[in-house]
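Read through the structure below, which is laid out as structure tokens, and then see the notes.
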Amino acid sequence: MKIIFSKRCFDYEFPGHPESPQRLKSIYNLLKEKEWEFIEPEPAKEEDILRIHSSDLVEKVKNGEFLDPDTPNSKKMFEYALLSCGAAIKAQELALNNKTAFSLVRPPGHHATRYSAGGFCYFNNIAVAISKALDTVKKAAIIDIDCHHGNGTQDIFLGDERVLYISLHQSPLYPGTGLKSIKNCLNFPLPAGTDEEEYLNIFKKAIEEAKNFQPELIAVSAGFDTYKNDPLTNFNLEKKTFAKISSLISSLKKPAFSVLEGGYRVLELAECVEQYLIGWD
């Protein structure tokens, strides 16, 4: 497992915002102590972003225009957002070279639609990476395990028969989408209080759908806000549940990479991520 990471992700913070550098610091410190291997990413090119995002959105992020209280902007945010996309691209490239990879950077991405930022997300990291991968592979599956529905990823790939999007998420919860499956987007909305047994029973069905799709590449929007103590959500997964989740994805025996999304219980986030990494075969 290769970890794509840059300390530049520590360099920005919005006071009081839950998507803080402390999230990554906790993960990095634990993985460094356990001697995981880190690879420095290169920023994505603007042309990579324009494959899936409108020029208007790119200009807003580039110019530091205000977006919303959840997704504040600054002129340097464009640099961090490019780096985050670049890390996802690097993870995707490693996956296609038979190396499982995890993109450990911020900001996250799965709420960014083709035309808008939102939900702490500026550009859709995993969608940018998959868009580039589709130059090489015929079919790819995206498995979104964040507690929030990845409305941005669905928006970008809805109707694209080359991509299967699968999401397990809490409902009702921000952003209020993903209430039913549509076309190539399979949604599994689950109630507050969902525990490991309930979650894994549904997740196994989702894995069967991914297997039947026969993708050449799997990408995981790896959110850890399904953990039982997360302050923004209401699922009841345990730390070791994440090892079971990644083990099931690994059982598909396909090239795969993961991109960090949510997870806001800083004190225990690192252990959740470590379990997820351990579960890969």
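What the table shows:
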quantity	calculated
Full-stretch length increase - Tyr12, Lys99 - with 0.36 nm per residue and alpha-carbon distance subtracted	28.3 nm
Summed residue charge, Cβ within 11 Å of Gly262's Cβ, Lys/Arg positive, Asp/Glu negative	-3
Residue with peak Gaussian network fluctuation, the chain [Cα springs, cutoff 10 Å], from Ile52, Ile182, Ile27	Ile182
Cleavage-rule hits, chymotrypsin sites (Phe, Trp or Tyr not before Pro), the range 6-96, DSSP coil, Cβ neighbours within 10 Å at most 14	Phe66
Segment Lys45-Lys76, extension gain: residue separation times 0.36 nm, minus the distance between their alpha carbons	9.6 nm
Euclidean distance of C-alpha centroids, the range 142-174 and the range 195-215, integer Å	14
Estimated dipole of the range 1-112 in Debye, rounded to 20 [Cβ of Lys and Arg +1, of Asp and Glu -1, Cα centre]	340
Contact order relative to length of the range 5-84, as percent, for alpha carbon pairs under 8 angstrom and 6 or more apart	28
Answer label, with semi-axes √(5λ) of the Cα gyration tensor in Å calculated from the coordinates and candidates [x] 30, 22, 17; [y] 33, 22, 16; [z] 24, 21, 20	[z]
Whichever lysines have a C-alpha closer than 23 Å to that of Lys253, once near sequence neighbours (fewer than 8 apart) are set aside	Lys2, Lys90, Lys99, Lys132, Lys138, Lys139, Lys204, Lys205, Lys211, Lys240, Lys244
Structure-based [θ]222 nm, the chain - -39500 (n - 2.57) summed over DSSP H runs of at least 4, per residue, nearest 500	-11000 deg cm²/dmol
Shape category assigned to the range 72-192 from the gyration tensor of Cα positions, a/c cut at 1.5	oblate
Max mean-square fluctuation residue, GNM over the chain, Cα-Cα springs under 10 Å, options Gly16, Gly178, Gly262	Gly16
Dipole magnitude of the range 187-241 about its Cα centre (Cβ charges: Lys, Arg +1; Asp, Glu -1), debye to nearest 20	80
Overall form of the range 7-88 per C-alpha gyration tensor (a/c, 1.5; a/b vs b/c)	oblate
Viscosity 1.002 mPa s, temperature 20 °C, Stokes-Einstein D of the range 31-139 from Kirkwood C-alpha radius, µm²/s	150
Gain upon complete extension [Lys204, Asn234; 0.36 nm per residue less C-alpha separation]	8.7 nm
Most mobile listed residue (Glu47, Glu261, Glu238) in the chain, GNM with C-alpha springs under 10 Å	Glu47
The range 162-281 - convex hull of the alpha-carbon atoms, volume per residue in Å³	96
Point-charge dipole on Cβ atoms (K/R +1, D/E -1) for the chain, about Cα centre, debye to 20	480
Proximal charge balance of Asp56 [Cβ under 13 Å; K/R count +1, D/E count -1]	+1
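No lab work stands behind these numbers, since they all come straight from the coordinates. Predicted model only: the values in this text are computed from it and were never measured. FYI the Cβ positions are ideal-geometry reconstructions off the backbone, even for glycines, and counts take in every protein chain you see.
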